[in-house]
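The values are calculated or read from the model by the stated rules, or taken from the named source; none is laboratory data. All values derive from a computational prediction rather than experimental measurement. Heads up, the Cβs are rebuilt from the backbone with ideal geometry, glycines too, and the neighbour counts pull from every protein chain shown.
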Amino acid sequence: MSRTPTADDWQTLYRAAIMESDPAKVPGLIDLAYKVVQRRAFELWYMGAPATRERHELDNALYFLDLLRQFGPLLEESPRVGDLEQRSSGEPPADGSNTKSSTAEP
């Protein structure tokens, strides 16, 4: 985005953060989305807006973004679905690593 994100951009930024496939970009997008979602939640709170669907969605977004902050690094280290499928079919992993233990017989 070439302009400063506003609170109205929260849904777009939230989706961008949770759908980003480049691990190097994810932390920055999560932080930006969190700030913008939080800003929108504060706007509604200060306006005295009643509990609405948007407020519920904002709460959920903040909760999920916080989970991604905490557990995102763990998810990056976990095996991918494609790797698990290859292992079960007997194909070597895409990264070239050997999955056999060192105690296996030749």
List every residue pair whose Cβ atoms lie under 9 Å apart, where the two residues are 6 or more positions apart in sequence or sit on different chains, the first residue falls within region 47-70 and is assigned to a helix (DSSP H, G or I), and the second residue, located anywhere, is charged (D, E, K, R). Glu54/Arg40; Leu58/Arg40; Leu65/Asp31; Arg69/Asp31
Residue count for region 6-42, restricted to those that are modelled with pLDDT under 90 and assigned to a helix (DSSP H, G or I): 3
Looking only at region 30-65, count every residue that is within 16 Å of the chain's Cα centre (by Cα) and among the hydrophobic types (A, V, I, L, M, F, W, C) and tell me the total. 10
